[in-house]
Amino acid sequence: MKNEARVLDIARHFHSQTDPRLHEDQGPLTIVAGHGATIIDDLGNHYIEGMGGLWCASLGFSDSRLADAADRQLRKLAVYHTFNHRSNEPTIELVEQLAALAPFENARVFLVGSGSEANDTMVKLAWYYHAARGHADKRKIISRYGAFHGSTVMGAALSGLPHMHQSFNLPPLPVIFAARPFHYFDSLPNETGRDYATRLANELEALILAEGPETIAAMIAEPVMGAGGVLVPPEGYFRKIQAILRKHDILMLLTKWSAVSGALETGSAARRSAWSRTCFRSQRGCRQVTFLSAASSYRTRSTNASPTRRTRRECSATDSPIPVTQ
Ligand SMILES: Cc1ncc(COP(=O)(O)O)c(C=O)c1O
């Protein structure tokens, strides 16, 4: 059966973020079970899954309370939508709980089915917001090199990873790129974290002025960059860049803040930290659009520093993305 499943996967399954030719040779790593932070493959190998699935296995890889809740609900009302004023009880309960988690007043929750869809939605809402205020020309979105923002057309355009752009012939979309906050590799000799954060904020402002603030709708950022290398920003980074954004009437779109904040702290502790306050409180009310995703439950420390520090030159070939979309 194991080999049969492997052959079927190779023959029938077109994987995302996977080289199809390589997949024909090596086939899938097939996971059959999981408990807590551990997963087990079809050969019985156990792994500690440091990424939490795709940064989303907040409650581990099997949870009987979740299974029971799903079982109860699937037997009562398996599916219903929320278009055109429709709602349903679990949805209302969920939005209430999510709103209570947001550390700002009067949060509203827009539910979607994936991170990519959440980011597309945030961009649409940012365009809507500026157009409604008579600034329809504010359309460009600032993203950052190394960012991963999803697999949809806009998600790929927002992603600062060359392989998300090359070969797909993406249409021109109004996305521009700023530097990633990677003190460990990208700082100047003897540059402190604070100085580096100040320099990045100054560079961001220079980019905004060069492009024209009246053309820029929003900046999108993962508070801790995930796929780009689990990059914890230097101290003061978000406070400094948010001041620049506010000055130029540019929205901050925060994505998956809590999913990777497991690298710092978890759950409500992360919400209470100075770091998350910076992210959430400095732009209030409708000036902020936030996508809350599931929090990673792993209490791991940041893995920012690799055991052997590579030189800037060694890193640049693979880690430094190029400007891709205009
Ligand atoms: C920061 C971030 N944004 C967006 C996405 C895309 O989410 P999805 O695969 O659910 O569309 C991911 C996926 O890992 C992500 O890490």
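Loop only by DSSP, 14 or fewer other Cβ within 10 Å of the Cβ. Give me the trypsin sites (Lys or Arg not before Pro) in segment 108-211 that pass, ordered by residue number.
Details: sites: Arg108, Lys124, Arg133, Lys138, Arg139, Lys140, Arg144, Arg194, Arg199; in loops: Arg108, Arg133, Lys138, Arg139.
Hits after loop and neighbour filter: Arg108, Arg133.
Please list, in order along segment 171-179, the HN-Hα scalar couplings obtained from phi with the Karplus expression 6.51 cos²θ - 1.76 cosθ + 1.60 (θ = phi - 60°), rounded to whole Hz, x for Gly and Pro.
x, x, 10, x, 10, 10, 10, 10, 5
Which of the GluC sites (Glu not before Pro) across segment 64-152 are loop residues per DSSP, with 11 or fewer other Cβ within 10 Å? Walk me through the intermediate numbers first.
Numbers: sites: Glu93, Glu96, Glu105, Glu117; in loops: Glu105.
Passing sites in segment 64-152 are Glu105.
Can you work out the Karplus-derived ³J(HN,Hα) for every residue in segment 186-193? Use 6.51 cos²θ - 1.76 cosθ + 1.60 with θ = phi - 60°, whole Hz, and x for glycine or proline.
The phi angles translate into 9, 7, 7, x, 6, 7, 6, x Hz.
Name the trypsin sites (Lys or Arg not before Pro) in segment 12-104 that are in a loop by DSSP and that have at most 10 other C-beta atoms within 10 Å, would you?
Details: sites: Arg12, Arg21, Arg65, Arg72, Arg75, Lys76, Arg86; in loops: Arg86.
Listed in order of number, the matching sites are Arg86.
So who's got an amide H within less than 5 Å of the one on Lys140, skipping anything under 5 residues away but keeping other chains? H placed 1.01 Å off N, in plane.
Result for Lys140 returns Ile216, Ala217.
Spin-label point model (7 Å from Cα, Cβ direction): what's the Leu94 to Val109 distance in nm?
0.8 nm
Testing the spin-label approximation: label points 7 Å from Cα along Cα→Cβ at Ile40 and Glu24. State their distance in nm.
According to this spin-label approximation, the distance is 3.5 nm.
Shape of segment 2-68 from its Cα gyration tensor (a ≥ b ≥ c, root eigenvalues): rounded if a/c is under 1.5, otherwise prolate when a/b > b/c, or oblate?
prolate
Can you tell me the FRET efficiency between Ser87 and Leu66 if r is taken as the Cβ-Cβ distance and R0 is 22 Å, rounded to the nearest 0.05? The partial results should precede the final answer.
On the way: r = 22 Å, r/R0 = 1.00.
It comes to 0.50.
Identify the residues of segment 91-134 with backbone N under 13 Å of a label point that sits 7 angstrom from the Cα of Gln17 along the Cα-to-Cβ direction, or state none.
Under cut-off, by backbone N: 115-116.
If you consider only alpha-carbon coordinates, what radius of gyration and Dmax does segment 38-144 have, in Å?
18.9, 60
Using the Karplus curve 6.51 cos²θ - 1.76 cosθ + 1.60 with θ = phi - 60°, what ³J(HN,Hα) values do you get for each residue of segment 240-248, in whole Hz, with x for Gly and Pro?
5, 6, 5, 4, 5, 5, 4, 4, 9
Amide H neighbours of Met252 under 5 Å, counting only residues 5+ apart in sequence or on other chains, H built in-plane at 1.01 Å?
So Met252 has HN proximity to Met219, Val289.
Would you grab the residues whose amide H sits under 5 Å from the one on Ala33? Only those 5+ places off in sequence or on another chain, please, with H modelled 1.01 Å from N.
Close amide H contacts, sequence-distant or interchain: Ile40.
Read the figures in this text as sums done on the coordinates, not as results from a lab. Everything numeric in this text was worked out from a predicted model, so none of it was measured. Here Cβ is always computed from backbone atoms with ideal geometry, including for glycine, and neighbour counts include all displayed protein chains.
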